[in-house]
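Participant: Supplied in structure tokens, the structure appears directly below.
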Amino acid sequence: MAQTPVIELRHIQKHFGTLHVLKDINLSVAQGEVVVIIGPSGSGKSTLCRTINRLETIDSGEILIDGAALPQEGRELARLRAQVGMVFQSFNLFAHKTVLDNVTIGPMDVLKTPKQQAREEAMTLLRRVGVDTQAAKLPAQLSGGQQQRVAIARALAMHPKAILFDEPTSALDPEMIGEVLEVMTRLAREGMTMVVVTHEMGFARKVADRVVFMDSGEILEQNTPEEFFTHPQTKRAQDFLDSILKH
Amino acid sequence: MDISTLLTQFGDKYWLALLTTWQLTVISFAGALVLGVLLTVCRVAPVMPLRWVGDFYVQIFRNIPGAALLILLVYALPYLKVVLPYKTCVLTATTLIPAAFCSEYLMAGMNTVGKGQIEAARSLGMTFPQILKNVVMPQALRSSVLPLTNLLVATMLTTALASQVPLNPTDLTGLVSYINTHAVGGVTAFFISAVLYCGTAVVIGQLGSWLDRKVRLQR
């Protein structure tokens, strides 16, 4: 019998007013798999990423985390959300807390990890993403790249079953994109299950197990990066690749 | 009477009155802060009746004159078989009104917390009360230090309501009435109280600015 997928979306439908932003989305992500979602702006890829832990509501369909259906709201939703990490475009670190406290707050408050243990784990994670020397600073004192690495450590601290990355490098200066992608690449190699919405085609090519191409709220293609980038099946995927790979 | 005569004769009483004003101010403001935070939690809670209660409270107590509230507490409550000591009546009035303003400032302060931080907290699995406690309220309080400093000064001035009921020792305003019924202090008696109010307000203002610089967040 096949293993239960870590994330499974079944027939997801969503409208923003009259705009049909997600059209019958079906997607499953296996344990340890790295799925990269690409597509033109407005194609619904960020919305899709955010529906996975219900930061966006859906009109209909089912979301399963490790086989368990994600409820609409309440404590059970909070409990399942804690199992799926999220990294945002704009970092969203807690501005009044130090870097260390940003990483320990989730484990201490949600998982009830004892303070000492939470701090030790946090320092190990901060060292892993290379910002341990900044532990006592406030987020505003860090560069964008450093903040995003802290955000990754904050997600990892929850021992998540998967991490969602919603355009994690889009708000970064070019010289900082590399340091964040490097951390993400390392995570992928270590076997983390990841869903990544990005415009970084190099990352998709090198790290993804599967590339999902979206346009106008639909998944048009799913394939290995090798196949997708060399032999896109649809016209829209070809046009998209032409437009971004030309320059 | 000139200032020095007044001070020789009533110096001790001025000191006691100043302490009384400070005491009323501190107790009222502490109560207003606690009540203000609770009201604000109600006003953003995902429970309709709580929001309604919070909003209703603020609309009532922001718009009722202190003297009117005090009269109700002193003269109307006894009809409901509730007879409170005078000092309790004063403290109730000087707490309930500033609490409404406190909540308004905190509501404004909450708007400074980015939506993204709340989403991040939700994605960590925090529940609504945890998000309020860990993320929203601490930042709302930090960004409300200056308005809350003004509220502290306003609360102190509101405690002058105490002069309308018999208290012993009385507050700075009450003392002026006392002096003017026992001697001829005239405007000078008011002047000394005014200087003490102003002096306290200046110190509060300085402390508020210092605290604001210390806790304000860079963004």
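Participant: Residues of the protein assembly as shown: accessible area per residue at 1.4 Å, in Å²?
Facilitator: Accessible area per residue, the protein assembly as shown: 47 Å².
Participant: Taking every Cα atom in the protein assembly as shown, find the radius of gyration and the maximum pairwise distance Dmax, and write them in Å.
Facilitator: Taking only Cα atoms of the protein assembly as shown, I get Rg and Dmax of 30.1, 102 Å.
Participant: Moving on. Which lysines have a Cα less than 30 Å from the Cα of B:K133, not counting those fewer than 8 places away in the same chain?
Facilitator: A:K97, A:K112, A:K115, A:K137, A:K161, B:K115, B:K214
Participant: Can you give the average number of partner chain beta-carbon atoms within 10 Å of each beta-carbon in peptide A:94-103, as a whole number?
Facilitator: Whole-number average of other-chain Cβ neighbours for A:94-103 is 4.
Participant: Could you pull out every residue, at least 5 positions away or on a different chain, whose amide H is within less than 5 Å of the one on A:M86? Hs are placed 1.01 Å off N in the peptide plane, and Pro or chain starts have none.
Facilitator: A:L164
Participant: Still on this structure, please answer the following. Given +1 on the Cβ of Lys and Arg, -1 on the Cβ of Asp and Glu, and no further charges, what dipole in debye does chain B carry about its Cα centre, rounded to the nearest 20?
Facilitator: 780
Participant: Tell me, what HN-Hα J-couplings in whole Hz come from the Karplus equation 6.51 cos²θ - 1.76 cosθ + 1.60 at θ = phi - 60° for each residue of the range B:183-190, using x for Gly and Pro?
Facilitator: Using θ = phi - 60°, the values come out as 8, 10, x, x, 5, 4, 4, 4 Hz.
Participant: Using the 2.2 N^0.38 Å rule of thumb for compact globular proteins, work out how chain A stacks up: its C-alpha Rg over that value, please.
Facilitator: So the Cα radius of gyration is 1.01 times the expected 2.2 N^0.38 Å.
Participant: Taking 25 Å as R0, compute the FRET efficiency from the Cβ-Cβ separation of B:T8 and B:V187 and round it to 0.05.
Facilitator: It comes out at approximately 0.85.
Participant: Have a look at A:C49, A:L80, A:P107 and report the one farthest towards the positive end of the charge dipole of the range A:1-154, computed about the Cα centre with Cβ charges (Lys/Arg +1, Asp/Glu -1).
Facilitator: A:P107
Participant: Using a 1.4 Å probe on the protein chains only, how many percent of the accessible area of chain A belongs to carbon and sulfur?
Facilitator: Carbon with sulfur: 48 percent of the solvent-accessible area.
Participant: Another question, then. What accessible area, summed over both chains, is buried at the A-B interface (1.4 Å probe, Å², nearest 100)?
Facilitator: 2000
Participant: Evaluate the Debye formula for the range B:1-121 with equal point scatterers sitting on the alpha carbons, no solvent, and hand back log10 of I(q)/I(0) at q = 0.09, 0.12, 0.13 Å⁻¹, in q order, two decimals.
Facilitator: The computed values of log10 I(q)/I(0) come out as -0.39, -0.61, -0.69.
Participant: Go through the range B:120-138 and flag every residue whose accessible area shrinks by 30 Å² or more with all protein chains in place compared to the isolated chain (probe 1.4 Å).
Facilitator: B:A120, B:R122, B:S123, B:L124, B:G125, B:M126, B:T127, B:Q130, B:N134
Participant: For the range B:43-48, just list the computed ³J(HN,Hα) in residue order, Karplus coefficients 6.51, -1.76 and 1.60, θ = phi - 60°, integers in Hz, with x standing in for Gly and Pro.
Facilitator: For the range B:43-48, the Karplus-derived couplings read 6, 10, 5, x, 10, 3 Hz, x marking Gly and Pro.
Participant: Could you check how much of the accessible area of the range B:3-215 is carbon and sulfur, as a whole percent, using a 1.4 Å probe?
Facilitator: It is 72 percent, rounded to a whole number.
Participant: Please state the shape class of the range A:1-82: rounded when a/c is under 1.5, otherwise prolate if a/b exceeds b/c and oblate if not, all from the C-alpha gyration tensor.
Facilitator: Judged from the Cα gyration tensor, the range A:1-82 comes out oblate (a/c at least 1.5, b/c at or above a/b).
Participant: Now for a separate question. Report ³J(HN,Hα) in whole Hz for each residue of the range A:125-139, in order, from the Karplus equation J = 6.51 cos²θ - 1.76 cosθ + 1.60 where θ = phi - 60°; Gly and Pro get x.
Facilitator: Per residue, the Karplus-derived 3J(HN,Hα) values read 5, 5, 5, 4, 9, x, 10, 4, 6, 9, 3, 8, 7, 8, x Hz.
Participant: Amide H neighbours of A:I7 under 5 Å, at least 5 residues apart or on other chains, H built in the peptide plane: list them.
Facilitator: A:V29, A:D66
Participant: Still on this model: Rank B:I131, A:T234, B:T8 by how far each Cα sits towards the positive end of the charge dipole of the protein assembly as shown (+1 on Lys, Arg Cβ; -1 on Asp, Glu Cβ) and give me just the farthest.
Facilitator: The one lying farthest along the dipole's positive direction is B:T8.
Participant: Let me know the Kirkwood hydrodynamic radius for the range B:3-215, please, with Cα pairs as the basis and the value in Å to one decimal.
Facilitator: 19.0
Participant: So what is the calculated 222 nm ellipticity per residue for chain A, using -39500 (n - 2.57) for each DSSP H run with n of 4 or more, over all residues, to the nearest 500 deg cm²/dmol?
Facilitator: It lands at -11000 deg cm²/dmol.
Participant: Note the per residue figure in Å³ for the convex hull of the C-alpha positions in the range B:128-219.
Facilitator: Per residue, the Cα convex hull of the range B:128-219 comes to 121 Å³.
Participant: Return one number: the angle in degrees, 0 to 90 and rounded to the nearest 10, between the long axis of the Cα atoms of helix A:174-189 and the longest principal axis of the Cα atoms of chain A.
Facilitator: The angle comes out at about 90 degrees.
Participant: If you average the alpha carbon positions of the range B:66-135 and of the range A:32-71, how far apart do those two centres end up, in angstrom?
Facilitator: First find each Cα centre; the distance between them is then 39 Å.
Participant: Right, here's the next one. So how much slack lies between B:T112 and B:V82, counting 0.36 nm per residue of separation and subtracting their Cα-Cα distance, in nm?
Facilitator: My answer for the length gained is 6.6 nm.
Participant: Under a straight-distance cross-link criterion of Cα-Cα below 27 Å, which lysines are reachable from B:K87, leaving out those fewer than 8 residues away in the same chain?
Facilitator: Output for B:K87: B:K13.
Participant: If you filter the range B:158-216 for trypsin sites (Lys or Arg not before Pro), then keep DSSP loop positions with at most 16 other Cβ within 10 Å, what is left?
Facilitator: Within the range B:158-216, the qualifying trypsin sites (Lys or Arg not before Pro) (loop, at most 16 other Cβ atoms within 10 Å) are B:R216.
The values are calculated or read from the model by the stated rules, or taken from the named source; none is laboratory data. Since the model is a prediction, treat every value here as computed from it, not as a measurement. Cβ atoms come from the backbone with ideal geometry, glycine included; neighbour counts cover every protein chain shown. Calculation scope for accessible area: heavy atoms of the full protein, side chains included, ligands and nucleic acids excluded. Shrake-Rupley method; radii C 1.70, N 1.55, O 1.52, S 1.80 Å.
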